[in-house]
Amino acid sequence: MIKKIFAALVVCSAVLSSCSQEPIPDEPVVESPSEDPDEKPEEKPEDQPDAGQINDPGIAYVWDESVIPEITIHITQEEWNRLLKRYDEFSHNVDYFHADFTYRKGDEVHFIEDGGLRLRGNTSRRRPEGNGGQLHNPSDPDWHHCHFGINFRKFHKDSDHTINGIRKVNLKWFKDDPCYVRELYCYDLFRRYGIWTAAHDVYCRLWLDVEGDAKPAYFGVYEMIEPIDDEFVERRVEGMFKSDEGFLWKCVYGVGGPADLRSADDNCDRFNWDQDNGVNYSYEFKGDEEDFQAAKEQLRDFILKLNGKGEDSFYKWINEVCDVEFLLKTYAVNVAVGMWDDMWNNGNNYYLYFTTTDKYDYEVFLLPYDYDNTLGTSLNCGIQNDAGRQDPYRWGGSGILMERLMRFEDFRKIYRDALKELVDPSQDLFHIDASVPRIKAWQEKISPYISNDTGEDMSIYDRPAGWGNRHEYRLMDMGQNNFFQVKADAINRMN
């Protein structure tokens, strides 16, 4: 069965790789349906935290930007070989393997015995050592950068198997980002702009210690990212989501096509729960199987209304179920950083959280996700061929949610004002004079630690991904090819 599902995934991925659509025609912009203040939805209280700060001791400790933590994975040779064999059987497996972990933060050391280690990634997933069929070579290992997931509590559900209450972290190498900065910059900008739905992300240093080896292998500088799961939601209840009793969905271009919110049809199992089988469902429920049907009915009803309501009815409804201003500010950051592989342009890479289990009565939030292909890494995809110069009003032709919001002038104004605030030179946000010093400081911090035992990604240099279509973009060099300047020009032309 898994082979059949995986074959379907391969077909869908092939469709994604072609990534071409006809440009969409201009749509009329309309005034809001009612000018009578009594008929407008009630304004939401301004009780969101300042600058996206999460009041959680675990977040404050683990994602402390002032320190580069050091993580060592300790694993037996037998268990490491099991991981390699399982990759060869099914590379997209989500199996956890037994490992111990040392987490060092300055002078403080935490040791977690018998936690869970797994491989992560979609198109970026790799075998961490050697080639197919090869087992661990203690005398001459052939290491490769890859993404890891760590669940300290996978096999033991107690507080001793956490780091100050944090049970999971994702470790991500800087694939196709020789600047060592793109995703970290994006998540930082979200939080600077008060978008508290963004994950936390800091640098870390990583070692792999296979039992019996002469010394641990140094894998270099990684990102340590906060996973989006039930605990992610729980940390953001007070003054934010206000409830952790709702339904969480991961939405990607997967089985059945893009997660563009255009169709509620369930062809090719587009809606499914997280079955730990390595398959990317377009809409994957991140909850218990027994809640799946109720969650699915809620999401399908949302999609039907999103697509089926007339203009006046849509305007009233979307203000009832969504903090539209917060959503538009979230998307302003998304567009400013040049995230083309997203919901609007490609039906990909976001989460949805519905704050209740009621089919009709809830508030829905879009959570940003996966920002390594940004800041000048561009591609011919959807209606785009240049993520720097693309018209921010016409960012994509896929995601119906933003397409419908852009039909209303008051929503366009919120979005436009947010983008212009981001590039305002007086703000410590996206403007080049704020961004370049920030990036330089990060790069200076990690530059002594880049060289590593994989022999990969051994230096920092200013280029976008080699597979992209805009090789000229730079982050640090001033001039006509500087991404921050190009994007600011595109935003300042908006009216």
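The values are calculated or read from the model by the stated rules, or taken from the named source; none is laboratory data. For clarity, every value in this text was computed on a predicted model and none was experimentally measured. Neighbour counts run over all protein chains shown; Cβ positions are idealised from the backbone, glycine included. These area figures cover heavy atoms from the full protein model, side chains too; ligands, DNA and RNA do not enter into them. Shrake-Rupley method; radii C 1.70, N 1.55, O 1.52, S 1.80 Å.
Can you find, within the stretch 100-120, the residue that is nearest to PHE155 (Cα to Cα) among those that are touching a residue at least 40 places away in the same chain (Cβ under 8 Å) and either part of a loop (DSSP other than H, G, I, E, B) or open to solvent by less than 20 Å² (accessible area, probe 1.4 Å) (or both)? So the residue we want is GLY115. Among the residues of the stretch 59-72, those that are under 20 Å from the mean Cα position of the chain (by Cα) and surrounded by 14 or more Cβ atoms within 10 Å (Cβ to Cβ) comprise ILE59, VAL62, TRP63, ASP64. When you look at ILE303, is it within 20 Å of ARG262 (Cβ to Cβ) and either open to solvent by 10 Å² or more (accessible area, probe 1.4 Å) or hydroxyl-bearing (Ser, Thr, Tyr) (or both), yes or no? So ILE303 fails the test.
Being open to solvent by less than 10 Å² (accessible area, probe 1.4 Å), among the basic types (Lys, Arg) and in contact (Cβ under 8 Å) with a residue 24 or more places away in the chain: is that true of ARG191 here? For ARG191, the condition - open to solvent by less than 10 Å² (accessible area, probe 1.4 Å), among the basic types (Lys, Arg) and in contact (Cβ under 8 Å) with a residue 24 or more places away in the chain - is not met. So in the stretch 272-300, with the set limited to residues that are assigned to a loop (DSSP other than H, G, I, E, B) and of a type in the set (Gly, Ala, Ser), which one is most open to solvent (accessible area, probe 1.4 Å)? Here the answer is GLY287. Looking across the stretch 407-429, the residues that are in contact (Cβ under 8 Å) with a residue 24 or more places away in the chain and either small (Gly, Ala, Ser) or open to solvent by less than 20 Å² (accessible area, probe 1.4 Å) (or both) come down to PHE408, PHE411, TYR415, ALA418, LEU419, LEU422, VAL423, LEU429.
Among the residues of the stretch 316-338, not a single one is touching a residue at least 60 places away in the same chain (Cβ under 8 Å), within 16 Å of LEU248 (Cβ to Cβ) and of a type in the set (D, E, K, R). Name the residue that is surrounded by the most Cβ atoms within 10 Å (Cβ to Cβ), counting only residues in the stretch 261-271 that are touching a residue at least 60 places away in the same chain (Cβ under 8 Å) and either among the hydrophobic types (A, V, I, L, M, F, W, C) or closer than 18 Å to THR357 by Cα (or both). Per the criteria, the residue is LEU261. Can TRP173 be described as open to solvent by less than 10 Å² (accessible area, probe 1.4 Å), under 17 Å from the mean Cα position of the chain (by Cα) and at pLDDT 95 or above? The answer is no for TRP173.
Among the residues making up the stretch 338-386, those that are more than 15 Å from the chain's Cα centre (by Cα) and in a strand (DSSP E or B) are PHE354, VAL364, CYS381, GLN384. Name the residue that is surrounded by the fewest Cβ atoms within 10 Å (Cβ to Cβ), counting only residues in the stretch 329-383 that are among the acidic types (Asp, Glu) and within 23 Å of ALA488 (Cβ to Cβ). Step by step, filter the stretch 329-383, then rank; the result is ASP372. Of all residues in the stretch 237-260, those satisfying the criterion of being touching a Ser or Thr at 6+ places or on another chain (Cβ under 9 Å), surrounded by fewer than 23 Cβ atoms within 10 Å (Cβ to Cβ), charged (D, E, K, R) and touching a residue at least 60 places away in the same chain (Cβ under 8 Å) are LYS242, GLU245. When the stretch 194-229 is limited to residues that are aliphatic (A, V, I, L, M) and open to solvent by 10 Å² or more (accessible area, probe 1.4 Å), the one that is nearest to SER459 (Cα to Cα) turns out to be ILE225.
Every residue, every condition in (1) among the hydroxyl-bearing types (Ser, Thr, Tyr); (2) modelled with pLDDT of 95 or more; (3) more than 16 Å from LEU184 (Cβ to Cβ); (4) open to solvent by less than 20 Å² (accessible area, probe 1.4 Å), yes or no:
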| site | (1), (2), (3), (4) |
| --- | --- |
| HIS431 | no, yes, yes, no |
| SER435 | yes, yes, no, yes |
| ALA441 | no, yes, no, no |
| LYS445 | no, yes, no, no |
| PRO448 | no, yes, yes, no |
| ASP457 | no, yes, no, no |
| ILE460 | no, yes, no, no |
| PRO464 | no, yes, no, yes |
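When ASP433 is tested against (1) of a type outside the set (S, T, N, Q); (2) assigned to a helix (DSSP H, G or I); (3) closer than 30 Å to PHE292 by Cα, exactly one condition is not met: (3).
Cβ-Cβ under 6 Å, sequence separation 6+ or interchain: first residue in the stretch 131-154 and more than 11 Å from ASN170 (Cα to Cα) and without any contact (Cβ under 8 Å) to a residue 40 or more places away in the chain, partner open to solvent by 60 Å² or more (accessible area, probe 1.4 Å) and assigned to a loop (DSSP other than H, G, I, E, B). Which pairs? Partner pairs satisfying both residue conditions: CYS146/ARG126. Given the structure, is LYS316 touching a strand residue (DSSP E or B) at 6+ places or on another chain (Cβ under 6 Å), in a helix (DSSP H, G or I) and open to solvent by 10 Å² or more (accessible area, probe 1.4 Å)? Taking the combined requirement at face value, the residue does not satisfy it. Where strands (runs of 3 or more DSSP E) fall entirely within the stretch 163-259, those with at least 1 residues that are under 27 Å from GLN427 (Cβ atoms) and out of contact with any Cys (no Cβ under 7 Å at 6 or more places or on another chain) are at 201-210, 217-225. Of all residues in the stretch 307-352, those that are farther than 30 Å from LEU184 by Cα and either touching a Ser or Thr at 6+ places or on another chain (Cβ under 7 Å) or among the basic types (Lys, Arg) (or both) total 3.
Is it true that some residue in the stretch 327-335 is modelled with pLDDT of 95 or more and assigned to a strand (DSSP E or B)? Taking every residue of the stretch 327-335 in turn, none turns out to be modelled with pLDDT of 95 or more and assigned to a strand (DSSP E or B).
The number of residues in the stretch 73-85 being touching a Phe, Trp or Tyr at 6+ places or on another chain (Cβ under 9 Å) and open to solvent by 60 Å² or more (accessible area, probe 1.4 Å) comes to 1.
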